[in-house]
1. Would you please name the residue that is modelled with the lowest pLDDT, looking only at residues in region 351-376 that are surrounded by 21 or more Cβ atoms within 10 Å (Cβ to Cβ) and part of a loop (DSSP other than H, G, I, E, B)?
2. Which members of region 129-143 meet the condition of being modelled with pLDDT of 95 or more and not in a helix (DSSP H, G or I)?
3. Against the conditions (1) surrounded by fewer than 21 Cβ atoms within 10 Å (Cβ to Cβ); (2) more than 20 Å from residue 321 (Cα to Cα); (3) touching a helix residue (DSSP H, G or I) at 6+ places or on another chain (Cβ under 6 Å), where does residue 238 fall short? Just the number, please.
4. If I filter region 1-41 down to residues being in a loop (DSSP other than H, G, I, E, B) and in contact with a strand residue (DSSP E or B) (Cβ under 6 Å, 6 or more places away or on another chain), which single residue comes out as nearest to residue 331 (Cα to Cα)?
5. Could you run through region 189-200 and say how many residues are closer than 21 Å to residue 120 by Cα and either touching a residue at least 60 places away in the same chain (Cβ under 8 Å) or out of contact with any strand residue (DSSP E or B) (no Cβ under 8 Å at 6 or more places or on another chain) (or both)?
6. Taking the residues in region 81-95 that are in contact with a strand residue (DSSP E or B) (Cβ under 8 Å, 6 or more places away or on another chain) and over 15 Å from residue 119 (Cβ atoms) as candidates, determine which candidate is surrounded by the fewest Cβ atoms within 10 Å (Cβ to Cβ).
7. Only residues that are part of a loop (DSSP other than H, G, I, E, B), surrounded by 17 or more Cβ atoms within 10 Å (Cβ to Cβ) and at pLDDT 90 or above: list them for region 281-317, please.
8. Looking only at region 38-72, how many residues end up being closer than 27 Å to residue 228 by Cβ, in contact (Cβ under 8 Å) with a residue 24 or more places away in the chain and surrounded by fewer than 15 Cβ atoms within 10 Å (Cβ to Cβ)?
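The values are calculated or read from the model by the stated rules, or taken from the named source; none is laboratory data. It should be emphasised that the depicted structure is a prediction, and the values quoted were computed from it without experimental measurement. Ideal geometry is used to build each Cβ from the backbone, glycine not excepted, and the neighbour counts take in all protein chains shown.
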């Protein structure tokens, strides 16, 4: 969207520089990313950034003004965790980069979550791109690595000793986001612990490090709670639904409360109209909507072309939404003259005494497929995968 920087990047790009970015990330983390990195960042205008922020601020304000108890209805009975909090510690919002009926490029809300994203990785990735392409430094996020460390330390570690704070995941070594866990450990000095390794004594939780039993006082939670039921023969000492003496960062209930469950309640020009499946109006055309399960992760279960036969067959219609389709616009030109589409995720933290969350950084996702998920792309495609956005005047 900013031809000056797009032309400069495409002129400077070489496969060797792409390899250099990955080599530097390996050097900084000790492992290779297990998800695909796009060869290119996104270049977006300050005008587009203002639209993103206008939509996000409106969404946050609408959520804050919901009637008390509304969000609690989103939590499945079998997934309720004790000791909930007044607000989440993390807040992320995904927007598609779309073209409207007047031909203008605008953001359209895709989904939102109160769940941590790649906070540690994205900053390292942005810095690494700037090392390999020095001209990007002029566009760099004002938030420094030290700023990020300060914010995340205050939020995740608080007043505790870092050894009493863990990043919790199920089989972390198998997760695509492992590189973010490793960089979080380096940034904050905390350990990543598998849920299967957590020990429980009374209301206290412990993990072992070098033969030493250490109490867990704060949990930086990366476990998708309802995914645990899908793992066969899972042997755990600790059940999320138990009342234990730990501080959740962020509390597991917020994964459900800030989710697609909210979409039918939100109104803004950059928020596509959504309905719960059981409330879908008879005068709307199903062809204009995408079918989404409420609590799927990473795009699983999404149907881009639902039919009446498909929707009629769904028994738990209250656990699905229909969201009006948007037109992702392929505007990010690669070195072959082909174009990619993209989404951008805004990454916020929400400190406990703050009325509003703080925007920390962003994450871009690029594709040439129907869905913004690299699994749907051709294997030889370029300008696809995880990325980051730089904003500048046009």
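1. Restricting to residues being surrounded by 21 or more Cβ atoms within 10 Å (Cβ to Cβ) and part of a loop (DSSP other than H, G, I, E, B), the top hit is 372.
2. Listed by number, the list holds a single entry, 133.
3. Among (1) surrounded by fewer than 21 Cβ atoms within 10 Å (Cβ to Cβ); (2) more than 20 Å from residue 321 (Cα to Cα); (3) touching a helix residue (DSSP H, G or I) at 6+ places or on another chain (Cβ under 6 Å), the lone unmet condition for residue 238 is (3).
4. 1
5. 1
6. 83
7. 306
8. 2
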